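The values are calculated or read from the model by the stated rules, or taken from the named source; none is laboratory data. These numbers come from a predicted model, not from an experiment. With ideal geometry, Cβ positions are generated from the backbone for all residues, glycine too; neighbour counts draw on all protein chains shown.
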Amino acid sequence: MALTDTAIRGAKPKERDYKLADGGGLYLLVTKAGGKLWRLKYRAHGVERKLALGKYPDVTLGAARKARDEARAKAGAGDDPAAAKRRERVAAKLAAGTTFGAVALEYVGKAEREGRAPATVTKLHWAREWLQPAIGHRPVDQVEPHELLAVLKKQEAQGNLETARRTRAFASRVFRYAVATARAKADPAGLLLGAVASPKPKNLSAIVDPKRIGELLRAIDGYTGQPVTRLALALSPHVFVRPGELRQAEWSEFDPEANVWRIPAARMKKRREHVVPLSRQALAILGELRQLTGGGRLVFPAMGKRDRPLSENTATAALRRMGFGADEMTAHGFRAMASTLLNESGKWHPDAIERALAHRDSDQVRAAYHRGAHWDERVRMAQWWSDKLDSLRSGAQILPFTTSEAATETWKSAG
């Protein structure tokens, strides 16, 4: 007998699940928990199958009968409706995993597993968040250039030109990753290169005039702020590494026997270990630092927080206190200072200078060769440069570095 809505509503749960047949293989499964589920029994390719059609009353009696008739028609045509439903579920799952937002998150995870710097990974997350509201829900292979352009134009209108540049670049990397993993066929972001205004390059201010360099070095010597900050500024021109590499330095990275500083790849911008030869002057400064911070892990711990390095703004704030404005000198400027004067001296091979600055050579074979070929020259250059700084500080010819022996002994004994 065919079911009625009255019979269905009146069906009560029992100790075990039971069925109420409607006809044509359709029945209502009444569970012991009180659920009422539509099921269809049919045969496909000579094998009995079952197909779930939904829950009553979400699926009405009429809708269940219509679904039954459609399923039986498919089965009669040789298409198994249960198999088709499984394919639809798989397709829906795949579609959910191939939205731009999902692929972008997967790309960021890949970058993190590859050892990208935490700051870089954070910026990748930011870029994904900028794009998420507009195209995050869209299948990655269906995003059109105009959809991404709308995001970029909005950022451009707000004056965020650098943000727009990074957003487009990130989107392009995600699309290329989707192409590489067979989830897209093209990179629509690549077509938008040049579609928005380019940000003006920011030149990091640096003092390169010899007289003014001398004034800066004397100002650092007379700095009355925290001793660790003064010594960080004093060491910066001698080693001319990036500010983040300096302030996060750890004592375990220094080799007192070889007089070198080995900065691990994880902290380097180019993800490659950088070895810095230490001059007598650098050793003297490190000797002073040993007495202040040698008992801890960090060479330049923050005041009152020995487990955290100096803030990235500490050196900049100190430069401002000493009267050097943002348009004249930055913490990063010590690198440009060294690069300019070392190149102008004509004494050193350009590749040796580039290696000292930890600039990466795109030719890996050439890079490996020059890493070894210029080491001795870099050692001599490091000492020459520190002597040059001393002469600029004094405003005269190079003076003997009288504390070198004591500094070396302090350095080696502390190691």
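Below, the figures for the structure above:
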quantity: Residue count for the range 312-353, restricted to those that are surrounded by 13 or more Cβ atoms within 10 Å (Cβ to Cβ) and assigned to a loop (DSSP other than H, G, I, E, B); calculated: 10
quantity: Enumeration of residues in the range 279-311 that are within 21 Å of SER386 (Cβ to Cβ) and not in a helix (DSSP H, G or I); calculated: SER279, VAL299, PHE300
quantity: Among (1) loosely packed, with under 13 Cβ neighbours inside 10 Å; (2) in a strand (DSSP E or B), the one test that LEU29 misses; calculated: (1)
quantity: Residues of the range 158-217 classified as assigned to a loop (DSSP other than H, G, I, E, B) and among the β-branched types (Val, Ile, Thr), total; calculated: 4
quantity: Among (1) part of a helix (DSSP H, G or I); (2) in the same structural domain as ARG128 (by TED's automatic domain parsing); (3) not hydrophobic (A, V, I, L, M, F, W, C) - the single one ARG230 does not satisfy; calculated: (2)
quantity: Test: residue in the range 273-290 that is on the phi > 0 side of the Ramachandran plot and either assigned by TED's automatic domain parsing to the domain that holds ARG393 or touching a strand residue (DSSP E or B) at 6+ places or on another chain (Cβ under 7 Å) (or both); calculated: no
quantity: Cβ pairs under 8 Å, 6+ apart, first in the range 1-26 and among the β-branched types (Val, Ile, Thr), second surrounded by 13 or more Cβ atoms within 10 Å (Cβ to Cβ); calculated: THR4/LEU61; ILE8/LEU20; ILE8/LEU28; ILE8/LYS36; ILE8/TYR56; ILE8/LEU61
quantity: Residue match in the range 34-42 (condition: surrounded by fewer than 17 Cβ atoms within 10 Å (Cβ to Cβ) and touching a His at 6+ places or on another chain (Cβ under 9 Å)); calculated: no
quantity: Whichever residue in the range 110-144 is out of contact with any Phe, Trp or Tyr (no Cβ under 8 Å at 6 or more places or on another chain) and among the small types (Gly, Ala, Ser) and, among such residues, is farthest from ALA182 (Cα to Cα); calculated: ALA119
quantity: Residue within the range 112-134 that is within 17 Å of LEU192 (Cβ to Cβ) and not in a helix (DSSP H, G or I) present; calculated: no
quantity: Count - residues of the range 124-160 that are crowded, with 18+ Cβ neighbours inside 10 Å and either in contact with a Pro (Cβ under 7 Å, 6 or more places away or on another chain) or among the aromatic types (Phe, Trp, Tyr) (or both); calculated: 3
